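The numbers here are math on the coordinates, done by the rules we state, and not lab data. What you are looking at is a predicted structure, and each value in this text was computed from that prediction instead of being measured. Heads up, the Cβs are rebuilt from the backbone with ideal geometry, glycines too, and the neighbour counts pull from every protein chain shown.
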Amino acid sequence: MEFTSPHIEYAQLWPLFVVFGVGCVGVLVEAFVPRRLRYLTQVGLTVVGLLVALGGTIGVGVGLKDLKGARGLVAGEGALAIDGPAVYLWGLVLVCAIAGVLLFAERRLESGVTVFAGQAAALPGTTAEREASSRGLEHTEVYPLLLFAVFGMMLFPAANDLIMLFVALEVLSLPLYLLSGLARRRRLLSQEAAMKYFLLGAFSSGFFLYGLALVYGYAGSMQFAGIAAAVQGGTANHSLLLIGVGMMSVGLLFKVGAVPFHAWTPDVYQGAPTAVTAFMSAATKIAAFGAFLRLFYVAFGADRWSWQPMMWIVAILTMVVGAVLAVVQTDVKRMLAYSSVSHSGFILTGLLGVQAAGDLGKGEITSLTAVLFYLTSYGLAIVGSFAVVSVVRDAGGETARFDAWTGLGRRAPLTAGVFAFFLLSMAGIPLTSGFIGKWAVFSVALSAGAWPVVIVAVAASIVAVFFYVRFILLMFFTDRASEGAAAVTVPSPLTSSVIAVTALATLVLGVVPGPVLDLVQDAGSFIR
C-alpha cells in the first residue's frame, strides 16, 4: 500500500502552531525551570507567543487577498477553512487572550501573589492549603492551560469537518474546566463551579457527538461541503438530519450560554477566578458563535427553513430569561452572567438574517458583518467589566455584593465611572460600541423578516437598561454606612492597561465604528 503524506498549508496555519507550540514549551517550563523563575518565564513566554500569533494572523489575513480572487482556502486536508471570517475571529480571540494573560498575571491585588490557588490538590481549609498560602505558592500552569484553550478557540471557527469541530470543542473546553476551579479565595465555590461546568459540559458534548454521528449517517461525509451537497440534494432521510442538527445544537448552544442550556453560566462566572471569567466570557462566546455560523450556514444552510424556527424560539427565550433573571440578582458577577445570556440571544437574532452558504448577496455579508461587530463590541466590554470587578475589594478580598458596591461612585469615582460606561455599552446606549452592535443585528434580522424576534429583542433591551441603570444609581446616588463598604485596590499596570484599552476601544467603536465595520465587511463570507 502506498502512503501519501498529507499536505499542510503551513503559511496559513502557522499562527495556530505558534500558540500550540508555546503552550507545549510552557509545560516544559513547569517541569524544568526553578519555581522562583516560573512566573516571569511563563508570563513573558505567553505574552510574546500570543503577540507573535496575532502578528501572524494579520499577515495571513493580508495574504488572503493574494489568492487570485478566492475568498480563502481549504487547508489541512479539508479539515480547516481559512477565510476572512475565520482569520478575523482568530485575531479577536487573541486580543481577548492577551488581555486575559495580563489579568492572570496581576499580583498587586492579592499582596504579591496571583488570584490562583497556591496548590490545587490541597483540600480547602486543610493544613496543606494554609502552608501553600503562607509560602506564597501560585499556579503558573494556568498560562499553558490558557494557550491550549486559545488553540482550541482558534480551531473552532475554522473547522471545516465534523471531526475537527468536535476536537476543537474539547480542546477549548477542558482547560477552562480546570481554570474555573483554581481560585485562591472561596475555594469551595470555585471547585463547585468547575465541577458543574465539567459535568454539564461533558453532557452537552455527548449530545453533540451523537448528533454528529447522525449527521454523518445522513450525509455520508464528515466535511461541510459534502454535508451541504447532501442537504441540497435532499434524497436521504430528512428526519435523521433534523435530529442530528438538534443534538449538535445542544453542544453549541451550551457553549454560548443560550437558554435552556444556560444554567452553568451564573455559577461558573461567580465561582471562577475573575480573571478567568473575563477571558472565558469573551473568548469562548467569540469562538463558539464563529463555529455556529460556519456549521449552520455552510453545512446546513440549504435546509435553513427547517432549523430557523428553532433559532427563533431559542433567541426569544434566551433574551427574555437572561434579562428577567438579571433584574433579581444581588451579585455583580451573576448579574453580568445573566446579561451574557441575554447577549447570546441578541447575537442569535443577528444570525437569523444570514442567507444560505455560497450566496454572495447583500444579506449574508451584512449579517456576518453585524454578528462579528457585535462579538467585537461585547467581547471588549465584558473583559473590561470583569477587570473592574477584580479591583473592587473589602476586608475579605474581592467582593461582588451589591451592598458593598453601594456608594462606590463617591469613594472611587473613576473606577465606578468606567464600570458604568461598560454597563451603558452593554445596554446599547448611543455613543458606545454596544449601540452600534445592537442596531446592526436588529436591522439585519428585521430585513430578513424576523420582526417578532426583533420586537422581543427591543423589549429585552429595555429591561436590560433598567437593571444596568439601577446599578449605576446604586453606585453614584445611594448612601450607605461606611462599615462593609468596598474600596478600590490600585492595581498594577497590567490590569490598569486592560481597563484603559477596553474602555477606549468601547468609546471609539461607538463614535467611529466605520473602520472596524469596513474591516469586517472586507473579511467577506465563508468558503465551502
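So here's what we get for this one:
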quantity	calculated
FRET efficiency estimate (nearest 0.05) - Cβ-Cβ, Asp522 to Tyr10, R0 25 angstrom	0.55
Cβ-Cβ FRET estimate between Ser443 and Ile163, R0 fixed at 35 Å, reported to 0.05	0.45
The stretch 269-347: relative contact order in percent, alpha carbon pairs under 8 Å with at least 6 residues between	33 percent
Two-decimal log10 I(q)/I(0) for the chain, as the Debye equation yields it once each C-alpha is a single scatterer, q = 0.08, 0.13 Å⁻¹	-0.48, -1.30
Cα long-axis angle, helix 162-180 against the chain (0 to 90 degrees, to the nearest 10)	0 degrees
Under-27-angstrom lysine pairs by C-alpha in the chain, whenever the two are 8 or more apart or on separate chains	13
Relative contact order %, the chain, counting alpha carbon pairs below 8 Å whose residues are six or more apart	16 percent
The stretch 1-62: relative contact order as a whole-number percent, Cα under 8 Å and 6+ apart	48 percent
Value at 222 nm in deg cm²/dmol, rounded to 500, when DSSP H runs of n ≥ 4 in the chain each add -39,500 (n - 2.57)	-24000 deg cm²/dmol
Nearest-ten-degree value, helix 84-104 long axis tilted from longest Cα axis of the chain	20 degrees
Estimated inter-spin distance, Ile462 and Leu504, nm [label 7 Å along Cα→Cβ]	3.8 nm
Angle between the chain longest axis and helix 10-32 axis [Cα atoms, degrees, rounded to 10]	40 degrees
Rounded to the nearest 20 debye, dipole of the chain from Cβ charges on Lys, Arg, Asp, Glu	960 debye
Calculated diffusion of the stretch 396-475, Stokes-Einstein form, Kirkwood radius summed over Cα pairs, 37 °C and 0.692 mPa s, µm²/s	233 µm²/s
